[in-house]
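One structure below.
The values are calculated or read from the model by the stated rules, or taken from the named source; none is laboratory data. Keep in mind it's a predicted model, so treat the numbers as computed, not measured. Please note: Cβ atoms are built from the backbone with ideal geometry, for glycine as well, and neighbour counts cover all protein chains shown. Calculation scope for accessible area: heavy atoms of the full protein, side chains included, ligands and nucleic acids excluded. Shrake-Rupley method; radii C 1.70, N 1.55, O 1.52, S 1.80 Å.
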Amino acid sequence: MSSIYETDALIADDIEAYLDQHQHKSLLRFITCGSVDDGKSTLIGRLLYDSKMIFEDQLAALEADSKRIGTQGQDIDFALLVDGLSAEREQGITIDVAYRFFTTEKRKFIVADTPGHEQYTRNMVTGASTADLAVILIDARKGVLVQTRRHSYLAHLLGIRNIVLAVNKMDLVDYDAARFDEIVTDYQKFADSIGVKNFTAIPISGFKGDNIASLSASTPWYDGVTLIDHLETVELDVHADQAKPFRLPVQWVNRPNLDFRGFAGQIAGGAVHVGAPVRILPSGKTSHIGRIVTLDGDLDVAVAGQSVTLCLTDEVDCSRGDVIATAEDPPEVADQFEANIVWLSEGAMVPGRSYWMKLGTQSVSATVQPPKYQVNVNNMEHLAAKTLDLNAIGVAEITTDRPVIFEAYADNRTLGGFILIDKMTNATVAAGMLNFSLRRAQNVHWQAIDISREAHAQQKGQSPKLLWFTGLSGSGKSTIANLVEKKLFALGRHSFLLDGDNVRHGLNKDLGFTDTDRIENIRRVGEVAKLMTDAGLIVLTAFISPFRAERDMVRALMPAGDFIEVFVDTPLAEAEKRDVKGLYKKARSGALKNFTGIDSPYERPDAPEIHIDTTRMSPEQAAEAIVERVIGVWSYDL
Amino acid sequence: MLRDLTHLERLEAESIHIMREVVAEAERPVMLYSVGKDSAVMLHLARKAFYPAPPPFPLLHVDTTWKFAEMYALREKAARDAGMELLIWQNPDALAQAINPFDHGPLHTDMWKTEGLKQALNHYGFDAAFGGARRDEEKSRAKERVFSFRSEAHRWDPKNQRPELWNIYNARKNRGESMRVFPISNWTELDIWQYIQLNKIEIVPLYFSAPRPTYTWDGQLFMADDLPRLEKILGRQLDIVERSVRFRTLGCFPLTGAVESEAASLNEVIQEMLLTTSSERQGRVIDKDAGDGSMEKKKQEGYF
């Protein structure tokens, strides 16, 4: 068997020459995709084997495993080399993305092994996102399948320009040239239809090794290069990336002392040199590059792909999420976009819900409109859709809560690719690619969506709650509730305080202080509070609300967990001593009837969510503790 | 102005990007430092990522008390040179029970390393820990994410990993949950050696061949790094032979097999590595404990 790793002699005879050669190798990242049984794992196993990336102990284990659980009889089952996790090995399929490494004389390769199983689109998209090239495997006996179209479409969608059509298992069709040509013609038609400009077709056998490292004698009719030759010589994306306008998304501001302020990041496009005029986005301020700092000494020039630290000649504001760009041709800033979205999560997309969007080093809140259409990845048809389910791909409009610095994904992967993160579970639920920004005028016709309780809350970035303050007259309910609301307001929360003053003067001015009227008072307050929580607010109420039954009635109106009973516990003697409004004095004198604590009972809460003992805590401390509870338990943005 | 980046330059840029993302997004990051060659490269990358500032996190060595003396010596020096705080954690339960590789078998790794790591992370409240694992080391490692999410109990769920696209990493988590972050995921053993050579990174001399006191145990060659301690625990005298040996990986000296070699320089070590016929982890006893899928099982339980 021939080897693609012909440097053995060099390693033994002249290690320095070998290392010098290795040191100057470039890197190509590619993905392999195909249907189950197309022989992906076998092909990768073959590449590792031919490039001597397999050691004797691994080979011994492989031979033993091949006989025990292999699918190739007594022959080596290369697929066993690359199927990592035990559950998969048992099922005999690959279910996740695995990364493999091999090297030849000219290049180092990182291979993303992505599964062909229909439900695992998300893995393929993941593998494709970092790839320069895609190897689409086809079983020569089966030809172009639904999955072939799906994989090609995804590779194209993710912006992979180099596509290799590896027509595998040629040994099983007797190396028939006509069969190969038929498949290539079929694929050409499909490729044209989705906009794939060109591809390279190679007839191979992963199992036998034909046209992988060396040209096969069995395919004399084939006049192209071997798979390895092609991988070693295909042009890398980094060249095109360096020719683009300069962009550096700022990751981290390096400020070890007052004399140094550097902006650290990985260059996402173009090149930059000391003295170059730059513009900081989104502020639009301009400056010049003062230094390009690295541990190995300052650089004069840095290019796309390098991680550097830039110093500017002026003291301009610049922080994580900002982009330093060439002054003449900066990227756009916008807050409404059209994007391709790939849904990656079990839970379907919820239009109108607020998700975290991470794009480059920017994190913003974003809402997605119902899809304009979903793409049937099997035949590229546009389907009407209200949402996107796991593995679905669609086109939708996205709105962000503040402007985002971006470029079309086709122009710059780093400034056009993003992920969406669920605010509750922190799971990565979608990947997206921005197509273009929408001017507001283009976007007046918002599609109708139900504005649910959840949508209201999501819009405000909070979980609605009812904080029900209860306690004797003069216990400090209103004082504490007021302080709590001020603190919530300062923290950017949306709230409203209902108390006796603003309810009894209007809504409930027909009610007195009999038991019946007290109950009706609380019922109305409870209903109003519920409506306000439906609008997404955090509602605070401050009423004596002496009867357990009425407090429980309001509790029952609310979704479980949204009613928070705050018991402001002040002993009667203490409240009477304070007597801020002189009411206890009136009640004791008989001038005020049905006064709680004097001639009407107060039923203490059995198990309030929050218990405030005002003899031990100042109103300020109490408010602090309540807010901590509110933020600690309900905040998304911790 | 165009220039080709070499594969090492691209790997370096990727690792630096990953480290900066963690520092920007995590509350309390730490770098797990094992004193081996992979740790040495990771530490060097951290110095590059944050230069001229020192890396803005401490180093943590989860110690077993059974490391080679030369590892302990380099540990202190490396931290000092980088201007970083060095934290050392020895599982107090393992210490109290005098857990050792001879009497306790797999429990040695479990208590000192797996449990010790969890204890240390909980003790200091670290929410992101850099580790020097590489995807080319072992089959189950090939599928782990760069940002590997761990539950409150430090468990890894291979079925429930977050998809990782482009160079965007989702570092969001709930209180109590944490991330293991592997900045050198995409490096191979050869890349590591070559980077050490190009950057003149100091590594433990045990990687280079020298005459050392050795003994044979279960068909493998070991170095008697602390002979009195070994003989005391085994209750008998060991048959010590001086051989020219070196190590491909470094761990606890009673568990790390030595290879006979004359490779005394970096070039010779790389040459030997490239011409060798057995894989890097073969010298480690840990992978063979439980047969098929053993590393995967350990990782689910919280082993690094």
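Which condition breaks for B:LEU165 when tested against (1) surrounded by 22 or more Cβ atoms within 10 Å (Cβ to Cβ); (2) touching a Phe, Trp or Tyr at 6+ places or on another chain (Cβ under 8 Å); (3) within 11 Å of chain A (Cβ to nearest Cβ); (4) of a type outside the set (Val, Ile, Thr)?
Condition not satisfied by B:LEU165: (2).
Which of the residues that make up the range A:280-323 are more than 14 Å from every other protein chain (Cβ to nearest Cβ), farther than 23 Å from B:GLU21 by Cα and open to solvent by 60 Å² or more (accessible area, probe 1.4 Å)?
Once the filter is applied, which keeps residues that are more than 14 Å from every other protein chain (Cβ to nearest Cβ), farther than 23 Å from B:GLU21 by Cα and open to solvent by 60 Å² or more (accessible area, probe 1.4 Å), the range A:280-323 yields A:LYS285, A:THR286, A:HIS288, A:THR313, A:ASP314, A:GLU315.
Of all residues in the range A:231-241, which are within 15 Å of A:ILE204 (Cβ to Cβ) and open to solvent by 30 Å² or more (accessible area, probe 1.4 Å)?
Hits for the range A:231-241: nothing passes.
Looking at this structure, is B:ALA153 assigned to a strand (DSSP E or B) and either more than 17 Å from the chain's Cα centre (by Cα) or surrounded by 21 or more Cβ atoms within 10 Å (Cβ to Cβ) (or both)?
no
Taking the range B:115-134 on its own, how many of its residues are more than 13 Å from the chain's Cα centre (by Cα) and either within 14 Å of another protein chain (Cβ to nearest Cβ) or of a type outside the set (S, T, N, Q) (or both)?
Qualifying residue count, the range B:115-134: 11.
Go over the candidates A:LEU420, A:LEU415, A:LEU434, A:LEU388 one by one and state the one that is crowded, with 21+ Cβ neighbours inside 10 Å, in contact with a Gly (Cβ under 8 Å, 6 or more places away or on another chain) and within 17 Å of B:ALA171 (Cα to Cα).
Of A:LEU420, A:LEU415, A:LEU434, A:LEU388, the one residue that is crowded, with 21+ Cβ neighbours inside 10 Å, in contact with a Gly (Cβ under 8 Å, 6 or more places away or on another chain) and within 17 Å of B:ALA171 (Cα to Cα) is A:LEU420.
Here are some conditions: (1) modelled with pLDDT under 90; (2) within 47 Å of the chain's Cα centre (by Cα). A:ASP517 meets all but one. Which one does it not meet?
A:ASP517 satisfies all of (1) modelled with pLDDT under 90; (2) within 47 Å of the chain's Cα centre (by Cα) except (2).
Restricting to the range A:533-577, what's the tally of residues that are crowded, with 21+ Cβ neighbours inside 10 Å, free of Cβ contacts under 8 Å to residues at least 40 places away in the same chain and farther than 25 Å from A:ASP515 by Cβ?
Residues in the range A:533-577 being crowded, with 21+ Cβ neighbours inside 10 Å, free of Cβ contacts under 8 Å to residues at least 40 places away in the same chain and farther than 25 Å from A:ASP515 by Cβ: 0 in total.
Could we say that A:ASN340 is surrounded by fewer than 20 Cβ atoms within 10 Å (Cβ to Cβ) and modelled with pLDDT of 90 or more here?
Against the criterion (surrounded by fewer than 20 Cβ atoms within 10 Å (Cβ to Cβ) and modelled with pLDDT of 90 or more), A:ASN340 qualifies.
Can you say whether A:ASN391 is within 14 Å of chain B (Cβ to nearest Cβ), within 16 Å of the chain's Cα centre (by Cα) and more than 16 Å from A:PRO282 (Cβ to Cβ), as far as the supplied structure shows?
Spelling it out, A:ASN391 is indeed within 14 Å of chain B (Cβ to nearest Cβ), within 16 Å of the chain's Cα centre (by Cα) and more than 16 Å from A:PRO282 (Cβ to Cβ).
Could you identify the single residue in A:LYS189, A:LYS142, A:LYS169 that is more than 27 Å from B:ASN186 (Cβ to Cβ), surrounded by 21 or more Cβ atoms within 10 Å (Cβ to Cβ) and modelled with pLDDT of 90 or more?
Exactly one residue qualifies, and that residue is A:LYS169.
Are there any pairs with C-beta distances below 6 angstrom linking a residue in the range B:178-189 that is facing another protein chain (nearest Cβ under 10 Å) to a residue that is surrounded by fewer than 24 Cβ atoms within 10 Å (Cβ to Cβ) and in a helix (DSSP H, G or I), with the two at least 6 apart or on different chains, and if so which?
Partner pairs satisfying both residue conditions: B:GLU189/B:GLU280.
Can we say B:ALA69 is closer than 17 Å to B:THR256 by Cα and not assigned by TED's automatic domain parsing to the domain that holds B:ILE233?
Answer is yes for this residue.
Could you list all residues from the range A:353-366 that are in a loop (DSSP other than H, G, I, E, B) and either in contact with a Cys (Cβ under 6 Å, 6 or more places away or on another chain) or surrounded by fewer than 19 Cβ atoms within 10 Å (Cβ to Cβ) (or both)?
Once the filter is applied, which keeps residues that are in a loop (DSSP other than H, G, I, E, B) and either in contact with a Cys (Cβ under 6 Å, 6 or more places away or on another chain) or surrounded by fewer than 19 Cβ atoms within 10 Å (Cβ to Cβ) (or both), the range A:353-366 yields nothing.
Residues that are open to solvent by less than 10 Å² (accessible area, probe 1.4 Å) and over 25 Å from B:MET111 (Cβ atoms), at least 3 per element: which helices (runs of 4 or more DSSP H) completely within the range B:1-89 meet that?
Those helices (runs of 4 or more DSSP H) span B:7-25, B:37-50.
Sort through A:THR226, A:THR219 and tell me the only one that's over 18 Å from A:ILE163 (Cα atoms), open to solvent by less than 20 Å² (accessible area, probe 1.4 Å) and more than 14 Å from chain B (Cβ to nearest Cβ).
Result of the check over A:THR226, A:THR219: A:THR219.
Give me the residue from the range A:89-107 that is modelled with pLDDT under 55 and either away from chain B (no Cβ under 11 Å) or touching a Leu at 6+ places or on another chain (Cβ under 7 Å) (or both) and, out of that set, surrounded by the fewest Cβ atoms within 10 Å (Cβ to Cβ).
Step by step, filter the range A:89-107, then rank; the result is A:GLN91.
Filter the range A:263-279 for residues that are of a type outside the set (Gly, Ala, Ser) and open to solvent by 20 Å² or more (accessible area, probe 1.4 Å); which is nearest to A:ASP329 (Cα to Cα)?
Across the range A:263-279, the extreme among qualifying residues is A:ARG279.
For the subset of the range A:324-334 comprising residues that are assigned to a strand (DSSP E or B) and open to solvent by 40 Å² or more (accessible area, probe 1.4 Å), which member is farthest from A:ARG413 (Cα to Cα)?
A:VAL333
Looking at this structure, is A:LEU231 aliphatic (A, V, I, L, M), over 22 Å from the mean Cα position of the chain (by Cα), within 11 Å of another protein chain (Cβ to nearest Cβ) and within 30 Å of A:ALA213 (Cβ to Cβ)?
No: the conditions fail for A:LEU231.
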